[in-house]
Amino acid sequence: EKAKLSSEKDSYVPPSTDLERKLITVWEDFFGIERIGIKDNFFHLGGNSLGMGILALKIQEVFGVRLDVRELFMNTDFMDQLEVINNSLGKSIEEIEPAPIKSYYPLFSTQKRLFILNQMDSESISYNTPVVLKVEGSLDVKLCEDVFKKIISRHEILRTSFHDFDGETFQKIHDDVDFCIQYVEDEEGDVQKLLKKHIKPFNLSQPQLIRVFISKENGIATNIILDIHHIVIDAASYEVLIEEFQTLYAKGQLETLRIQYK
């Protein structure tokens, strides 16, 4: 159930039009709370800059409009956002077309920066992005490995390597990559010690830019440790990855991806 937002009774102003109710529903689904009113503000409710980008995508999907995310950042009050949406109604959205299949693809500007930094110090782990998931109960390690193999097969970016040829940088997508979960001993519950011991530099020219460790204590899994280089993942993508892992581990189904992001 959604948590109820605690607010002063006289500060809550309910929606009165269909458009207001539609946007209220988007906000309530995004925050996981109810009783959001038309006088509320995105940041006052606990939103952040990353969340604003995610909210913008959801608004575009629900209202069928094209939005400039910068406009939403400048209009964080509910009614101001509704005006932005109103002004955007009627502007059609061009559906993103899949990129043509190529042997190599150019790098995005952020990827270029990360690639150059890696070239300057290939032993650095500054752009490793480890995440630790604590295991509660018993873990089916075989199923866990199968799920990660499906996720790597599902997302081209997790099968991508990065290269430099005559001063030009490019990325290459591989049909498949070698992947297996590594098992390590739990360091007496000390997660920082685990990370310090097992987080190592990546070779960007190899497509294995995702590693998964399972720590065990007396043969029982205690943590799942993901280590992925930032050149192929960001915070929002990590949320998607973890959600997909949970769905597949629970024997659920995922929709087929129409497009891939290089």
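Annotation for segment 198-214: at least one member residue is part of a helix (DSSP H, G or I) and surrounded by fewer than 17 Cβ atoms within 10 Å (Cβ to Cβ). For residue 81, the stated conditions hold: it is outside any loop (DSSP other than H, G, I, E, B), farther than 20 Å from residue 235 by Cβ, open to solvent by less than 60 Å² (accessible area, probe 1.4 Å) and polar (S, T, N, Q).
Filtered by the rule that a residue be at pLDDT 95 or above and open to solvent by 40 Å² or more (accessible area, probe 1.4 Å), segment 145-169 gives 146, 149, 150, 153, 154, 156, 163. The residues in segment 245-261 that are touching a residue at least 60 places away in the same chain (Cβ under 8 Å), assigned to a loop (DSSP other than H, G, I, E, B) and of a type in the set (Ser, Thr, Tyr) can be counted, and the count is 1. Comparison of 261, 249, 238 shows that the only residue that is hydroxyl-bearing (Ser, Thr, Tyr), in contact with a helix residue (DSSP H, G or I) (Cβ under 8 Å, 6 or more places away or on another chain) and surrounded by 14 or more Cβ atoms within 10 Å (Cβ to Cβ) is 249. One residue alone among 139, 194, 133 is under 15 Å from residue 213 (Cβ atoms), touching a residue at least 60 places away in the same chain (Cβ under 8 Å), assigned to a strand (DSSP E or B) and out of contact with any helix residue (DSSP H, G or I) (no Cβ under 6 Å at 6 or more places or on another chain), and that residue is 133. Filter segment 15-62 down to the residues that are part of a loop (DSSP other than H, G, I, E, B), hydrophobic (A, V, I, L, M, F, W, C) and buried (at least 16 other Cβ atoms within 10 Å of the Cβ) and list them by number. Within segment 15-62, 36, 38, 42, 45 qualify. Of everything in segment 34-54 that is modelled with pLDDT of 90 or more and aliphatic (A, V, I, L, M), the residue that is farthest from residue 235 (Cα to Cα) is 38. In segment 67-77, the residue that is modelled with the lowest pLDDT out of those that are within 20 Å of residue 46 (Cβ to Cβ) and touching a helix residue (DSSP H, G or I) at 6+ places or on another chain (Cβ under 7 Å) is 69.
The values are calculated or read from the model by the stated rules, or taken from the named source; none is laboratory data. In this text the structure is predicted, and so the values were computed from the model without any measurement. Cβ: placed from backbone, ideal geometry, glycine included. Neighbour counts: every protein chain shown. Ligands, DNA and RNA are stripped out before the accessible areas are found, and what is left, the full protein with its side chains, is counted by its heavy atoms. Shrake-Rupley method; radii C 1.70, N 1.55, O 1.52, S 1.80 Å.
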